[in-house]
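Written out below as structure tokens is the structure these notes cover.
Where a number appears in this text, it was derived from the coordinates with a stated rule and is not lab data. This one's a predicted model, so the numbers in the text were calculated from it and none came from an experiment. Glycine also receives a Cβ, built like all others from the backbone with ideal geometry; neighbour counts cover every protein chain displayed.
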Amino acid sequence: MSSYGTLYKQDAVNVINESTIDDCAVLNMPDLPNTPTLPELQEMDPEAALKRIHSSLLMHAAYAYFVEHQYLTSSSTCSEASANRERSLAREAVILARKQKHMACMTQMTIEELGYTSNDIDEILNEKFTNLQLCSRRALRDCQIMLSIVRLFDVIANYSKSILEPAPVPMI
């Protein structure tokens, strides 16, 4: 999962650089709900950490799909340049959502192989998405989603590395 996390993170960074508002990469936006941090995952037992990763991947994928849905169903309040950016972002968001679903499937298979109980996805099904009419508000929300996806992939890659690499043994 580490290599997928690193690769997909770079894909998401490219989307931010090419298809979001100009300052997106430097904005300090909050993460989406249920986004774990590396220390949180490291403090959990493996079952809880895998379940948290799984549910967060599904939540982020749902938000990415919503970016496309919003583009397809909202009347345009954007300038032509912004509309072109939104179209490109909608296309790229679906690709990122599929990558997140791929990682979620890999995580679910790991959960099952280890004999852990399945994840409860009610939280994801009950998530409320806000239909934003103003182009500028959609642009900020979409930026937040993409930044959160980047951070999630980064956390997954680093968590995977941390559990695969043995802790250093103290010299006596």
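Just a few scattered comments:
- Residues of region 94-122 that are touching a Leu at 6+ places or on another chain (Cβ under 7 Å) and hydrophobic (A, V, I, L, M, F, W, C): 103, 104, 111, 121.
- Selection of first residues in region 8-30 that are under 23 Å from residue 103 (Cβ atoms) and in contact (Cβ under 8 Å) with a residue 12 or more places away in the chain and of second residues that are among the small types (Gly, Ala, Ser) and loosely packed, with under 15 Cβ neighbours inside 10 Å, restricted to Cβ pairs under 8 Å at least 6 apart or on distinct chains, gives the following pairs, ordered by first then second residue: 13/25; 16/25.
- Count of region 76-97 residues which are surrounded by fewer than 19 Cβ atoms within 10 Å (Cβ to Cβ), of a type in the set (D, E, K, R) and either in contact (Cβ under 8 Å) with a residue 12 or more places away in the chain or outside any helix (DSSP H, G or I) (or both): 2
- Residues that are exposed (fewer than 14 other Cβ atoms within 10 Å of the Cβ) and either touching a Phe, Trp or Tyr at 6+ places or on another chain (Cβ under 9 Å) or in a helix (DSSP H, G or I) (or both), drawn from region 107-124: 109, 112, 113, 122, 123
- Here residue 55 does not qualify as farther than 30 Å from residue 164 by Cβ and in a helix (DSSP H, G or I).
- Every pair of residues 6+ apart whose Cβ atoms lie under 7 Å, when the first sits in region 126-140 and is of a type in the set (Phe, Trp, Tyr) while the second is surrounded by 13 or more Cβ atoms within 10 Å (Cβ to Cβ): 129/66
- Of note, residue 149 does not satisfy the criterion of being closer than 26 Å to residue 14 by Cα, in a helix (DSSP H, G or I) and out of contact with any Leu (no Cβ under 7 Å at 6 or more places or on another chain).
- Any hit, region 146-164, residues being more than 16 Å from the chain's Cα centre (by Cα) and under 22 Å from residue 23 (Cβ atoms): no
- Filter result for the condition that a residue is closer than 23 Å to residue 25 by Cα and exposed (fewer than 14 other Cβ atoms within 10 Å of the Cβ), over 73, 130: 130
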